[in-house]
Amino acid sequence: MAKSNKPIFWSLFAAGGTLAAFLAPVLALLFILASLGHAPGLLTYAGLHAFAASWFGKLFLLAVITLFLWHAAHRLRVTLHDFGLRQDSIVAIVVYVTAAIGTGLTLVYLLQI
């Protein structure tokens, strides 16, 4: 029986989708409030920078951004297939390499904070 790498990508897709379903509405609400001037004290630049500078904050932001990227990559792959783009191996390489590059850049940026 041939081994498949589908469980790896499916687990990243599922984790990213679950995280997006729970966090994206909350993040949108918080940033809408911040743009209207009704931001909680933690959403100030100093508060967000202090969170991002801590190791817990870096791990949290890395997990959120990485899982969002991998979820979006898989969703884009499936959507392109539904639109009739049948070069699945090329599409898979492009979207997953893009997600991997985004993950690496996120890690590099977070380590610089």
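Mind checking which of 54, 11, 89 has the largest fluctuation in a GNM of the chain, springs on alpha carbons under 10 Å? Of 54, 11, 89, the Gaussian network model singles out 89 as fluctuating most. Using R0 = 30 Å, the C-beta based FRET efficiency linking residue 108 and residue 21 works out to 0.60. Within the chain, the whole DSSP H helices whose Cα atoms reach 15 Å or more along their own axis and whose mean Kyte-Doolittle score is at least 0.5 are 6-35, 55-82, 88-112.
Please report how far the C-alpha centroid of the stretch 1-24 lies from that of the stretch 39-67, rounded to the nearest whole angstrom. The stretch 1-24 and the stretch 39-67 have Cα centres spaced 24 Å from each other.
Of 36, 76, 48, which has the largest mean-square fluctuation in a 10 Å C-alpha GNM of the chain? Largest GNM mean-square fluctuation: 36. Note that the stretch 6-112 carries a Kirkwood radius of 15.4 Å, evaluated over its alpha carbons pair by pair.
Dipole check for the chain: with +1 at the C-beta of Lys and Arg, -1 at the C-beta of Asp and Glu, and the Cα centre as origin, the magnitude is about 220 Debye. Structure remark: mean-square fluctuation, Gaussian network model of the chain, C-alpha springs under 10 Å; the largest value among 46, 72, 99 belongs to 46. Please name whichever of 45, 15, 81 sits farthest to the positive end of the charge dipole of the chain, dipole taken about the Cα centre and charges placed at Cβ: Lys and Arg +1, Asp and Glu -1. It is 81.
No value in this document is a laboratory result; all are computed from the given coordinates. Remember, predicted model here, so these are calculated numbers, not experimental data. FYI the Cβ positions are ideal-geometry reconstructions off the backbone, even for glycines, and counts take in every protein chain you see.
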